[in-house]
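> Here it is, the structure, as C-alpha cells.
The values are calculated or read from the model by the stated rules, or taken from the named source; none is laboratory data. Values in this document were obtained by computation on a predicted structure and should not be read as measured data. Note: ideal-geometry Cβ built from the backbone for every residue, glycine included; neighbour counts use all protein chains shown. SASA here: full protein model, heavy atoms, side chains in, ligands and nucleic acids out. Shrake-Rupley method; radii C 1.70, N 1.55, O 1.52, S 1.80 Å.
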Amino acid sequence: VGSGDNNPLFEQSVATFVDDVYRGRSRSVQSSFLDIARVEVLKGPQSVFFGNNAIAGVLNIVSQDPTDEVEGFARVLY
C-alpha cells in the first residue's frame, strides 16, 4: 500500500493503523504480523473517523486479544 515513489519519508494517502496506532510511513509496516484477528480495508475518504491522513482510505490491522488457553504456532521450511 503506497503512493508516490519509494521515499521512506513520504506520507501515504492510504492510512495504515495497527491496533489503533497510526503508521504514516510505508517502511514502518513492512514487518511480519503475528496473531492477526482481522484486517479491515475501508475505501474512500475516511477523514471523519481516522483523521486527515486517511484521504484515500484506511488499512486497519487488529491483533488477536490474549486468551486463557495455551496456544502455539510453528513453521517448518525445507
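> Confirm whether Val1 is in a loop (DSSP other than H, G, I, E, B), exposed (fewer than 15 other Cβ atoms within 10 Å of the Cβ) and at pLDDT 85 or above.
Working: in a loop (DSSP other than H, G, I, E, B): yes; exposed (fewer than 15 other Cβ atoms within 10 Å of the Cβ): yes; at pLDDT 85 or above: no.
Spelling it out, it is not the case that Val1 is in a loop (DSSP other than H, G, I, E, B), exposed (fewer than 15 other Cβ atoms within 10 Å of the Cβ) and at pLDDT 85 or above.
> Within the group Val18, Val76, which residue is at pLDDT 75 or above, among the hydrophobic types (A, V, I, L, M, F, W, C) and surrounded by fewer than 14 Cβ atoms within 10 Å (Cβ to Cβ)?
Details: Val18 fails: surrounded by fewer than 14 Cβ atoms within 10 Å (Cβ to Cβ).
The unique qualifying residue is Val76.
> In segment 21-43, which residues are open to solvent by less than 80 Å² (accessible area, probe 1.4 Å), more than 25 Å from Glu71 (Cβ to Cβ) and at pLDDT below 70?
The answer is Ser26, Ser28.
> Of all residues in segment 44-73 being open to solvent by less than 70 Å² (accessible area, probe 1.4 Å) and not hydrophobic (A, V, I, L, M, F, W, C), which is nearest to Val21 (Cα to Cα)?
Step one: of segment 44-73, the residues open to solvent by less than 70 Å² (accessible area, probe 1.4 Å) are 44, 46-47, 50-51, 53-54, 56-63.
Among the residues that remain, those that are also not hydrophobic (A, V, I, L, M, F, W, C) are: 44, 46-47, 51, 53, 57, 60, 63.
Values: Gly44: 20, Gln46: 15, Ser47: 15, Gly51: 12, Asn53: 13, Gly57: 15, Asn60: 9, Ser63: 12 Å.
Filtering segment 44-73 for residues that are open to solvent by less than 70 Å² (accessible area, probe 1.4 Å) and not hydrophobic (A, V, I, L, M, F, W, C), the one nearest to Val21 (Cα to Cα) comes out as Asn60.
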